[in-house]
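Inspection log for the structure reproduced underneath, given as structure tokens.
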Amino acid sequence: MNYRRGNFWESIPPVTKHLLIINVLLWLGTIVLGRTPGIDLTQWLGLHYWQGSDFNPAQLITYMFMHDTSSITHLFFNMFSLWMFGVTLERVLGQKRYLFYYLACGIGAALVQELTWTLTWKSTFVPAFASMNQITPDQVTQLLNTGQLQEYINVFHNSLITVGASGAVFGILLAFGMIFPNMPMYIIPFPFPIKAKWMVLGYGAVELLFGVASIMSNVAHFAHLGGMIFGFFIILYWKRSGVFGGRGNGFY
């Protein structure tokens, strides 16, 4: 990249720049407004489980602009990746197509996360409730089937919440690997270059492994994969539609 014309900030194309600004402002706003009783942006804008009373369809979009406020790490790595790969992608795709792609991957990640919650919430709720009430998991299952635990289920459903741009960012990463499959990338701590396509496949494999094995269970690994899956089919369609000048320059 050549930054001789203007400064660093001016070199960032508008959509990526505004995405960076919105994410940072909402992160700061969540911290500042969180000091006021009754105001919790994460509760309002974070993605809740669709069967919880706190769920709002708008959260399928708003959640991707929110980040964990316990440290700056979550925000920093997402925004760094967005800048690193998004700047090039915005110039290749154009502003409208790039913004559509980013939001579509984020929404796709949210839908996959909702599906994951739907398939797994009982496996978390049942042993936890059994342990708290000193009963067996089978007894909890029986109570679930009779509808006697609805109040507790509602509380549990509302406790399921996720935030972050990671799903959209993983979609950006996937697009970069498909459009520039052979571009060499340097990843710490490896002292040698790795082609972008192998880096993307590696990230996907790690997320799948971590998700299945429940490693770092506080991270929405399947949502990350969801962003990549939705991104794959969008880029695949665009490639076959001639958006990038024909077929044959990807790894699929």
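Structure notes:
- Pairs, first outside any helix (DSSP H, G or I) in the range 138-165, second hydroxyl-bearing (S, T, Y), C-beta under 7 Å, six or more apart: L160/Y49; T162/Y63; V163/T42; V163/Y63
- In a residue-by-residue description of the range 18-28, the property of being among the polar types (S, T, N, Q) and either under 22 Å from M185 (Cβ atoms) or surrounded by fewer than 18 Cβ atoms within 10 Å (Cβ to Cβ) (or both) applies to no position.
- Between G29, G52, the distinction of being in a helix (DSSP H, G or I) and not polar (S, T, N, Q) belongs to G29 only.
- Test: residue in the range 77-96 that is modelled with pLDDT under 90, among the basic types (K, R) and in a helix (DSSP H, G or I): no
- Residues being of a type outside the set (D, E, K, R) and more than 16 Å from Q59 (Cβ to Cβ) - total across the range 106-134: 15
- Counted residues, the range 68-116 - those being surrounded by fewer than 17 Cβ atoms within 10 Å (Cβ to Cβ) and among the small types (G, A, S): 3
- The range 166-194, residues that are under 23 Å from L20 (Cβ atoms), in a loop (DSSP other than H, G, I, E, B) and in contact with a helix residue (DSSP H, G or I) (Cβ under 8 Å, 6 or more places away or on another chain): F180, M183, I187
- Selection from the range 144-195 of residues that are polar (S, T, N, Q), touching a strand residue (DSSP E or B) at 6+ places or on another chain (Cβ under 8 Å) and exposed (fewer than 15 other Cβ atoms within 10 Å of the Cβ): N182
The values are calculated or read from the model by the stated rules, or taken from the named source; none is laboratory data. Nothing here was measured: the structure is a model prediction, and the numbers come from that model. As a convention, Cβ positions derive from the backbone with ideal geometry for all residues, glycine included, and neighbour counts pool all protein chains shown.
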